[in-house]
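Just so you know, all these numbers are worked out from the coordinates, no wet-lab data involved. Everything numeric in this text was worked out from a predicted model, so none of it was measured. Virtual Cβ from ideal backbone geometry, glycine too; neighbours counted across all protein chains shown.
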Amino acid sequence: MDGKVTYVNKAFEKMLGYNGNEIIGISAVELPTYRSSKDKKRARQALKMVIEKGSAEPVDMIALTKDEREIPISFTASVIKDAQGDPRILIAVIRDITERKQAEDALRRSEEYFRALMDNSLDAVTVMSEDGTIRYESPSYELLLGFKPEEKVGSTLFERIHPDDITRAAGLFAEFLQNRGGTIHAEVRAQHKNGSWHSIEAIGSNLLDNPVVKGIVVNLRDITERKKAEEALGESEERFRRLVD
């Protein structure tokens, strides 16, 4: 088997623009469809593996069409051996994977977009399992309570809650677990890594039934200064009320 092309179907011409007369007789690793010597090398390695093992994993690469357009393709091959076990015929299958690549690129851009939002959000975002175990913490958690995200993954959100708030928070969480698809709003006191206590506003979404998330997503915001201002305003109003009385 010399590796020369002996047959191509009409789909090859439709995909890459070359008809059989232009391709037949050319070595499989010297086709004009390779964009670069690097692609030729990858194809040569794949063909070598096919000859040695009988088949190979699909190889993705960029192919050059006759009109010099670049399209992503997936190349796979298998070999037919004779009775003595020597390779006689190599069958190669080439697929246009443009749509798949476009979908992958769109997914990657979407993931990068939402990761950028997470990384730069002033609110911390926590994703928890049904038992309250933290699966994910956004980078903003360090600004919120001083812990790096990796320090909290595997722990529970209740570990830093003020002892006087735990019973109420646990009760709310238990009720919230039953409200699939629902949301909850709560305020608790949580301990910063430096030991200080902060007032935290938590807004949760129950996405346990969402096949993508399968968890509880909680946005956490530090409202300590707002609470202090509210308390100061309340004390001021009470003081003036007493003066009036």
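Mean separation of Cα pairs under 8 Å and 6+ residues apart, divided by the residue count of the chain: what relative contact order is that in percent?
11
Sequence gap of 8 or more, or different chains, plus Cα separation below 15 Å: how many lysine pairs satisfy both in the stretch 1-140? Please report the intermediate quantities before stating the final value.
Details: LYS4/LYS40; LYS4/LYS48; LYS10/LYS66; LYS14/LYS66; LYS40/LYS48; LYS48/LYS81; LYS53/LYS81.
Taking the Cα cut-off of 15 Å, the pair count is 7.
Could you give the length gained on full extension between LYS101 and ARG88, defined as 0.36 nm per residue of separation minus the Cα-Cα distance, in nm?
Going from the current span to full extension adds 1.3 nm.
Along the principal axes of its C-alpha atoms, what lengths does the stretch 158-245 span, in descending order and rounded to whole Å?
Over the stretch 158-245, Cα extents along the principal axes are 59, 31, 21 Å.
Where does the charge balance sit around LEU64 when Lys and Arg score +1, Asp and Glu -1, over other residues with C-beta under 12 Å from its C-beta?
Net local charge, LEU64 excluded: 0.
How long are the semi-axes of the equivalent ellipsoid of the stretch 1-52, taking √(5λ) for every eigenvalue λ of the Cα gyration tensor, in whole Å from largest down?
With the √(5λ) rule applied to the stretch 1-52, the semi-axes are 19, 14, 9 Å.
Taking R0 as 35 Å, what's the FRET efficiency between LEU177 and TYR113 from their Cβ-Cβ distance, rounded to 0.05?
The computed FRET efficiency comes out at 0.70.
Considering every Cα-Cα pair within the stretch 47-190, what fraction, in whole percent, is farther apart than 20 Å?
Numbers: 7076 of 10296 pairs.
The proportion of pairs with Cα distances above 20 Å equals 69 percent.
Assign unit charges at the C-beta atoms only (+1 for Lys and Arg, -1 for Asp and Glu), then state the dipole size of the chain relative to its Cα centre in Debye, rounded to the nearest 20.
Details: 37 positive and 42 negative charges, 233 e Å.
Its charge dipole is roughly 1120 debye.
Can you give me the distance in nm between label points at LYS148 and ARG69, each placed 7 Å from the Cα along the Cα-to-Cβ direction?
That separation, rounded to one decimal, is 4.9 nm.
Please report, ordered by residue number, every helix of the chain (full DSSP H runs) that is 18 Å or longer along its axis going by C-alpha atoms and whose mean Kyte-Doolittle hydropathy reaches -1.0.
Answer set is 163-177.
How big is D for the stretch 79-164, in µm² s⁻¹ as a whole number, if Stokes-Einstein is applied with the Kirkwood radius of its Cα pairs at 4 °C and 1.567 mPa s?
75
Among all the aspartates and glutamates, which ones have a C-alpha under 16 Å from LYS193's C-alpha, if same-chain residues fewer than 8 places away are not counted?
Correct list for LYS193: GLU137, GLU142, GLU150, GLU151, GLU159, ASP222.
Using Cα pairs closer than 8 Å and at least 6 residues apart in sequence, work out the relative contact order for the stretch 21-85, in percent.
The value is 28 percent.
Would you list the P(r) distribution for the chain, with all Cα-Cα distances sorted into 10 Å bins from 0 and each bin expressed as a whole %?
Pair shares across the bins are 6, 21, 17, 10, 12, 14, 10, 5, 2, 1, 0, 0.
Within a Cβ distance under 13 Å of GLU130, other residues only, what is the Lys/Arg minus Asp/Glu net charge?
Local net charge: +1.
Would you mind checking the stretch 111-127 for residues with the amide N under 12 Å from a putative spin-label position 7 Å along Cα→C-beta of ARG135?
The answer is 127, whose backbone nitrogens lie closer than 12 Å to the label point.
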